[in-house]
Amino acid sequence: MEAKAFSRKDTRCVYMETLRAYLDRKHEEISLLNGCLRRPLALPPANSVPAIVNQKFQLAAALKAQHALDHWASTETAWAEKKDFYSGPFHFRYGYQRADLTVSGPPIYPVLSALPPSVSQRTIYANSGMAAIAAMLSALERLRTPVEIVALPGSYGETLELIEDHAGNLKLLPAGKVPALRSHPESLRILWMDCCVAAAQFRQVMSFCARSFDLVLFDTTGLRTGSGRVRRVLNWAFGESVPVILLRSHTKLDSLGVEYGRLGSAVLLGDRKWRLGNRTMLEDLAQHAADALRLFGGAAIPAHFPPFVGSGSYVTLNGRRIAAMLRNSRRTAARLMTALPGVREFTHGSMSRSRPVGR
């Protein structure tokens, strides 16, 4: 397959926003949430951070209550005659206890709309980001073949713990100590990408030959869905016919900062002819992951899909919100790093002491 390059928009660094600009932006977010109600709430102007937070959580509660009242016969067990319903742009179909849940909705990552028709796309929703990751690891376990997972230092600690302590057939390797030969002639080698890694480490990965790996798993949590890193990873992997799975936790980051509901996803991408190690089809791996979510109780709950996702206003406001979070947290982290030796900065700006890869 010939890789298709994605366009890249020019981005410029802007200074930290003023309080007035912050309040104006939050008023727009509140108006978007309020507009999803059949009977919008009469809310007084919120001119402080606590007032903004109160109104957002009040609106989230009202939206969830509206959803429950509208779909009281189709909540977690669809026992009524009607077998499908909607939440904003999302369309659901399922039967008993969501065992056969299918979700149709807007693509999670805007860049996916530019993929050629030959690329297969399947999105699997889970009840959290870690549930989506666990389901994919369980699917890899079912392949009954040795799997080597190459992870960069700085990857999310709980993910590394899950791989090391709860995946018997998976071997975690630090990126700086990857042997030239695989541990087993038929083993699969997988690259674990994480949004938490520093920019220099990300560039290092992009210098690798993608064909050194059979699959790329990319946790995009902490990045906006339109991040250039997503586009770069897809261009890099698809240029060498390597499939990609994009994993994400949507709580808060994609819910305009409110606890609307726990939601995770895995988007499996690859040409329909590609196989993992010339054996397993990507669709088989997707089905194994879907079965794991169903059997382990990790399936998504329809009530957790935000009705405000998908509109042009949402995309703009959420992008501005995430950009402000990145900008402010990175500036804060830069100052803290000068005063607190031994800490490092995650890509999304949080501070943490490193967990070693491969204990």
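The values are calculated or read from the model by the stated rules, or taken from the named source; none is laboratory data. The structure displayed is predicted, hence computed values, not measured ones. Here Cβ is always computed from backbone atoms with ideal geometry, including for glycine, and neighbour counts include all displayed protein chains.
Name the residues in the stretch 13-28 that are among the charged types (D, E, K, R) and either assigned to a helix (DSSP H, G or I) or modelled with pLDDT of 95 or more (or both), would you?
Passing the criteria: Arg20, Asp24, Arg25, Lys26, Glu28.
Does the stretch 270-289 contain any residue that is in a helix (DSSP H, G or I) and touching a Phe, Trp or Tyr at 6+ places or on another chain (Cβ under 7 Å)?
Yes; the residues of the stretch 270-289 include at least one that is in a helix (DSSP H, G or I) and touching a Phe, Trp or Tyr at 6+ places or on another chain (Cβ under 7 Å).
Does the stretch 140-159 include one or more residues that are modelled with pLDDT of 80 or more, buried (at least 18 other Cβ atoms within 10 Å of the Cβ), in a helix (DSSP H, G or I) and in the same structural domain as Leu217 (by TED's automatic domain parsing)?
Checked against the condition, which is being modelled with pLDDT of 80 or more, buried (at least 18 other Cβ atoms within 10 Å of the Cβ), in a helix (DSSP H, G or I) and in the same structural domain as Leu217 (by TED's automatic domain parsing), the stretch 140-159 yields at least one hit.
For the stretch 29-52, which residues satisfy the criterion of being assigned to a helix (DSSP H, G or I) and surrounded by fewer than 15 Cβ atoms within 10 Å (Cβ to Cβ)?
Listed by number, the residues that qualify are Ser31, Val49, Pro50.
Would you check if there is a residue in the stretch 202-210 being in contact (Cβ under 8 Å) with a residue 12 or more places away in the chain, closer than 22 Å to Ala134 by Cα and outside any loop (DSSP other than H, G, I, E, B)?
No, that holds for no residue.
With the checklist (1) among the hydroxyl-bearing types (Ser, Thr, Tyr); (2) at pLDDT below 85; (3) assigned by TED's automatic domain parsing to the domain that holds Asp214 in hand, flag the one item Ser265 doesn't pass.
It is condition (2) that Ser265 fails.
Write out, first by first residue and then by second, each pair whose Cβ atoms fall under 7 Å of each other, whose residues are 6+ apart or on separate chains, and whose first residue, in the stretch 120-132, is under 20 Å from Tyr156 (Cα atoms) while the second is of a type in the set (D, E, K, R).
Asn127/Arg262; Ser128/Arg262; Gly129/Arg248; Met130/Glu158
Return the residues of the stretch 224-246 that are touching a Ser or Thr at 6+ places or on another chain (Cβ under 8 Å) and under 25 Å from Ser138 (Cα atoms); say none if nothing qualifies.
Matches in the stretch 224-246: Val230, Leu246.
Please find, among Ala62, Ala5, the residue that is modelled with pLDDT of 90 or more and out of contact with any strand residue (DSSP E or B) (no Cβ under 9 Å at 6 or more places or on another chain).
Result: Ala62 is the single residue among Ala62, Ala5 that is modelled with pLDDT of 90 or more and out of contact with any strand residue (DSSP E or B) (no Cβ under 9 Å at 6 or more places or on another chain).
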